[in-house]
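The values are calculated or read from the model by the stated rules, or taken from the named source; none is laboratory data. Keep in mind that what you see is a predicted model, and the values were worked out from it rather than measured. With ideal geometry, Cβ positions are generated from the backbone for all residues, glycine too; neighbour counts draw on all protein chains shown. Accessible surface areas use protein heavy atoms only, side chains included; no ligands, DNA or RNA. Shrake-Rupley method; radii C 1.70, N 1.55, O 1.52, S 1.80 Å.
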Amino acid sequence: MNDIDLLKLRFAGLSTQQIHRLLKFSPSFMEYSTHDKQYTLKQFLGTLQIKAKKENIYQLYVTTDLKMIFKQLKSWKVHFITINHPLYPPLLREIYDPPLILFYRGKRTLMQSSHTLAIIGSRQATHYTWQSLQTLFPSFEKRHLTIISGLAKGADMMAHKHALLFKLPTIAVLGFGHMHHYPIETKEIRQQIERDGLVISEYLPFEKPKRHHFPERNRLISGLSKGIFITESSDNSGTSITTRFALEQNRDVYVLPGSIFNKMTLGNLRSAQEGAKIVLNADDILEDFII
């Protein structure tokens, strides 16, 4: 697979999923001559039902100045890695429709972490999440886990804060491009992660946050992780989307126990019914991370 063509297709306006569809439409696309690639792309665009003007995508692909792209990425201080690169996250490579390009700031070597635990939960997470993480993280530190989350407020922010506090590597997965940020509450901690950890996104650096990006982002959080730990989640919350991806990706799912009278843990109980492991102490997670 050609890195240059992947960049050109993304900057022309095709999403990760659309590029996967193009490569299924024409498995030999990357081996074609320039003329045949352009012809095949035009044929493929004719099969898509998208709002964007297909002619614009085609013209951008044909006229893309790669030197300008590289210059722009450098000015943004954003790097990229393709699925062809040996440092591309091995667990992420296994999922359905993995991102063909990851944009990042920070320590690229963290992509090779094998002991990766995603910690997710409600944006309205309570002291229960904070207290539980305080209790569990000393054991996580001893096992040197890499903590992954989505940089949302609430449980995500608490997870990243604890990782930094305990000097554990942490990876934040964005639902938008690196030139934007949401929500404002996590901007400061994101800047620290860009220095000491890794911040990644499959979205072009200039792409703004959009509602549908966040469910797409969640598949990367679970895809990067050996296991997913849910601290607090209401029934049918956004956390359940990540849990669903985790189960589809054959990842271990862990949940804190909760009360049937507490709406903040009803999602935990639902996940437990579906096979998630209830966590009473750190060993309930760490026994699955034996080196």
request  = Mind running the shape call on region 76-143? Use the C-alpha gyration tensor, a ≥ b ≥ c as the square roots of the eigenvalues: rounded below 1.5 for a/c, prolate if a/b tops b/c, oblate otherwise.
outcome  = prolate
task = Could you check which residue among Ile228, Ile148, Ile69 shows the biggest mean-square fluctuation in a GNM of the chain with a 10 Å Cα cutoff?
result = Ile69
message = I'd like to check one number: the per residue accessible area of the chain, probe 1.4 Å, reported in Å² as a whole number.
response = 49 Å²
remark   = SASA check, Ser240, accessible area w/ 1.4 Å probe, all protein chains in place, rounded to nearest 10 Å², comes out at 40 Å²
remark   = Highest mean packing first, using Cβ neighbours within 10 angstrom, the peptides 201-207, 278-284, 114-120 sort as 114-120, 201-207, 278-284
inquiry  = Positive end of the dipole of region 159-291, charges at C-beta (+1 Lys, Arg; -1 Asp, Glu), about the Cα centre: which of Ser201, Ser271, His160 has its Cα farthest in that direction?
reply    = Ser201
key: Surface/4 estimate of mean projected area, convex hull on alpha-carbon atoms of region 1-61, nm²   = 3.6 nm²
query = By how many degrees, between 0 and 90 and to the nearest 10, does the Cα long axis of helix 213-223 differ from the longest principal axis of the chain?
reply = 70 degrees
inquiry  = Which three extents, in angstrom, do the Cα atoms of region 1-108 have along their principal axes, listed largest first?
reply    = 40, 32, 28
inquiry  = Which lysines, if any, have their Cα less than 18 Å from the Cα of Lys53, not counting same-chain residues under 8 positions apart?
reply    = Lys8, Lys42
key: Whole-percent carbon and sulfur share, accessible surface of the chain, 1.4 Å   = 52 percent
ask   = After finding the eigenvalues of the alpha carbon gyration tensor for the chain, what semi-axes result from the square roots of 5 times each, listed largest first in whole Å?
value = 36, 19, 17
ask   = Just for the Cα atoms in region 90-203, what are the lengths along the principal axes, largest first, rounded to whole Å?
value = 38, 31, 27
query = So who's got an amide H within less than 5 Å of the one on Val255, skipping anything under 5 residues away but keeping other chains? H placed 1.01 Å off N, in plane.
reply = Ile230, Lys277, Ile278, Val279
key: Spatially close lysines, pair count over region 164-291: Cα under 30 Å, gap of eight or more or interchain   = 13
task = First check a/c for region 162-247, with a ≥ b ≥ c the square roots of the eigenvalues of its C-alpha gyration tensor; if it is under 1.5, answer rounded, and if not, answer prolate when a/b is larger than b/c or oblate otherwise.
result = oblate
key: region 40-188 - charge dipole about Cα centre, Lys and Arg +1 at Cβ, Asp and Glu -1, debye rounded to 20   = 380 debye
request  = Treating only the Cβ atoms of Lys and Arg (+1) and Asp and Glu (-1) as charged, compute the dipole magnitude of the chain about its Cα centre; round to the nearest 20 debye.
outcome  = 940 debye
key: Calculated P(r) tail over 14 Å for region 228-291, as whole % of Cα pairs   = 52 percent
key: With eigenvalues of the C-alpha gyration tensor scaled by 5 and rooted, region 191-240, Å   = 21, 17, 11
